[in-house]
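*Asks:* Structure in structure tokens, see below.
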Amino acid sequence: MARISLSAAAIIAGAADLADEAGFDGVTLSAVARRLGVQTPSLYSHVRDRAALLDGITALALAELSDRVAVAIAGRSGRLALHGFAQAHREFAQASPGRWQSLERRAGPAAVESGAARTFVALTDAVLLGYGLPPGEQVHATRLIGATINGFLTLERIGSFDHSQPGPEDSWRRALDALDALLLVWPTDSPDRIQP
């Protein structure tokens, strides 16, 4: 492979491609250096350490997922926006499995505070806007949506749905319709709610 002009962006892009091909756990500085045709020490001028490299992949994945989500929810609200939002996640997970895995980890501050993360949060808020939730309830709804999408896609990725019929497509649609129905009647905090 011909040597490339090194930059943080080029290194992170190469690492993200490696993650898609070999799995996120296989991303190391030495593996990325081999892929880019350079010596490992050359990377340290641009990327502090492995943690920074992994956070870079996470931020890149958030930016790419945000681009997909923006297109999928444009001009839509309510159920259609929710379905578009979720489908963008599913298609991204299938097309870029290593990048997707980078979103299934506890990210460091560099990724959490990135512009891509802020954009993603704004897009998620835009989907919830169509449901008219009280501001204090949005964080709970966001967590439920994320848990449902991530849980489903993780089970699908590891083949948990391969052994029964119908296929996962029906369950995917039903899960999203159930989320939509819940968001339409989202409970607000009340004093007589049962405490755990």
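The values are calculated or read from the model by the stated rules, or taken from the named source; none is laboratory data. No experiment lies behind these values; they were computed from the predicted model shown. Glycine also receives a Cβ, built like all others from the backbone with ideal geometry; neighbour counts cover every protein chain displayed.
*Asks:* Could you list, in sequence order, the residues of region 171-194 that are at pLDDT 95 or above and of a type in the set (Asp, Glu)?
*Replies:* Scanning region 171-194 gives Asp177, Asp180.
*Asks:* Which numbered condition in (1) small (Gly, Ala, Ser); (2) under 20 Å from the mean Cα position of the chain (by Cα); (3) crowded, with 18+ Cβ neighbours inside 10 Å; (4) more than 29 Å from Asp180 (Cα to Cα) is the only one that Ala33 fails?
*Replies:* It is condition (2) that Ala33 fails.
*Asks:* Among the candidates Val139, Val121, which residue alone is among the aliphatic types (A, V, I, L, M), within 17 Å of Ala70 (Cβ to Cβ) and either in a helix (DSSP H, G or I) or at pLDDT 95 or above (or both)?
*Replies:* Working: Val139 fails: within 17 Å of Ala70 (Cβ to Cβ).
Just a single option satisfies the conditions, and that option is Val121.
*Asks:* Checking the conditions here, which among Val127, Val139 is farther than 26 Å from Leu53 by Cα and touching a Phe, Trp or Tyr at 6+ places or on another chain (Cβ under 6 Å)? Explain how you work it out, then say what you get.
*Replies:* On the way: Val139 fails: touching a Phe, Trp or Tyr at 6+ places or on another chain (Cβ under 6 Å).
On inspection, the qualifying residue turns out to be Val127.
*Asks:* State all residues of region 101-118 that are part of a helix (DSSP H, G or I) and either among the aliphatic types (A, V, I, L, M) or under 20 Å from Asp67 (Cβ atoms) (or both); if no residue qualifies, say none. First the steps, then the outcome.
*Replies:* At the first step, the residues of region 101-118 found to be part of a helix (DSSP H, G or I) are 101-102, 109-112, 115-118.
The answer is Gln101, Ser102, Ala110, Ala111, Val112, Gly115, Ala116, Ala117, Arg118.
*Asks:* Would you be able to say whether some residue in region 4-14 is of a type in the set (Val, Ile, Thr), at pLDDT 95 or above and over 27 Å from Ala178 (Cβ atoms)?
*Replies:* Step one: filter region 4-14 for residues of a type in the set (Val, Ile, Thr), giving 4, 11-12.
The next check asks that each one be at pLDDT 95 or above; those that pass are 11-12.
When the remaining residues are screened for being over 27 Å from Ala178 (Cβ atoms), the result is 11-12.
Yes: one or more hits.
*Asks:* Can we say Gly146 is part of a helix (DSSP H, G or I) and surrounded by fewer than 16 Cβ atoms within 10 Å (Cβ to Cβ)? Full working, then the answer.
*Replies:* On the way: part of a helix (DSSP H, G or I): yes; surrounded by fewer than 16 Cβ atoms within 10 Å (Cβ to Cβ): yes.
When the stated conditions are applied, Gly146 passes them.
*Asks:* Then there is this: Filter region 65-100 down to the residues that are outside any helix (DSSP H, G or I) and at negative phi, then identify the one that is surrounded by the most Cβ atoms within 10 Å (Cβ to Cβ). Steps first, answer last, please.
*Replies:* Within region 65-100, the subset outside any helix (DSSP H, G or I) is 74-77, 96.
Now drop any that are not at negative phi, which leaves 74, 76-77, 96.
Values: Ala74: 10, Arg76: 16, Ser77: 13, Ser96: 21.
Of everything passing the filter in region 65-100, Ser96 is surrounded by the most Cβ atoms within 10 Å (Cβ to Cβ).
*Asks:* Being buried (at least 17 other Cβ atoms within 10 Å of the Cβ) and either under 17 Å from Ala59 (Cα atoms) or in contact with a strand residue (DSSP E or B) (Cβ under 6 Å, 6 or more places away or on another chain) (or both) narrows it down to one of Leu183, Leu103, so name that one. Before you say what the answer is, go through the steps one by one.
*Replies:* Details: Leu183 fails: either under 17 Å from Ala59 (Cα atoms) or in contact with a strand residue (DSSP E or B) (Cβ under 6 Å, 6 or more places away or on another chain) (or both).
After ruling out the rest, the residue left standing is Leu103.
*Asks:* Starting from region 88-109, take each residue that is at pLDDT 95 or above and list its partners that are surrounded by fewer than 21 Cβ atoms within 10 Å (Cβ to Cβ) and of a type in the set (Lys, Arg), counting only C-beta distances under 6 angstrom and pairs at least six apart or across chains.
*Replies:* From residues that are at pLDDT 95 or above, the pairs are Ala88/Arg68; Phe92/Arg68.
*Asks:* Another question, then. Considering (1) touching a residue at least 24 places away in the same chain (Cβ under 8 Å); (2) within 26 Å of Phe24 (Cβ to Cβ), say which one Pro134 fails and leave the rest.
*Replies:* All conditions are met except number (2).
*Asks:* Another question about this same structure. Scan region 84-98 and tell me whether some residue there is among the acidic types (Asp, Glu), under 19 Å from Ala16 (Cα atoms) and in contact with a Ser or Thr (Cβ under 8 Å, 6 or more places away or on another chain).
*Replies:* Just the residues of region 84-98 that are among the acidic types (Asp, Glu), to begin with: 91.
When the remaining residues are screened for being under 19 Å from Ala16 (Cα atoms), the result is 91.
Retained after the next criterion (residues that are in contact with a Ser or Thr (Cβ under 8 Å, 6 or more places away or on another chain)): none.
There is no residue in region 84-98 that is among the acidic types (Asp, Glu), under 19 Å from Ala16 (Cα atoms) and in contact with a Ser or Thr (Cβ under 8 Å, 6 or more places away or on another chain).
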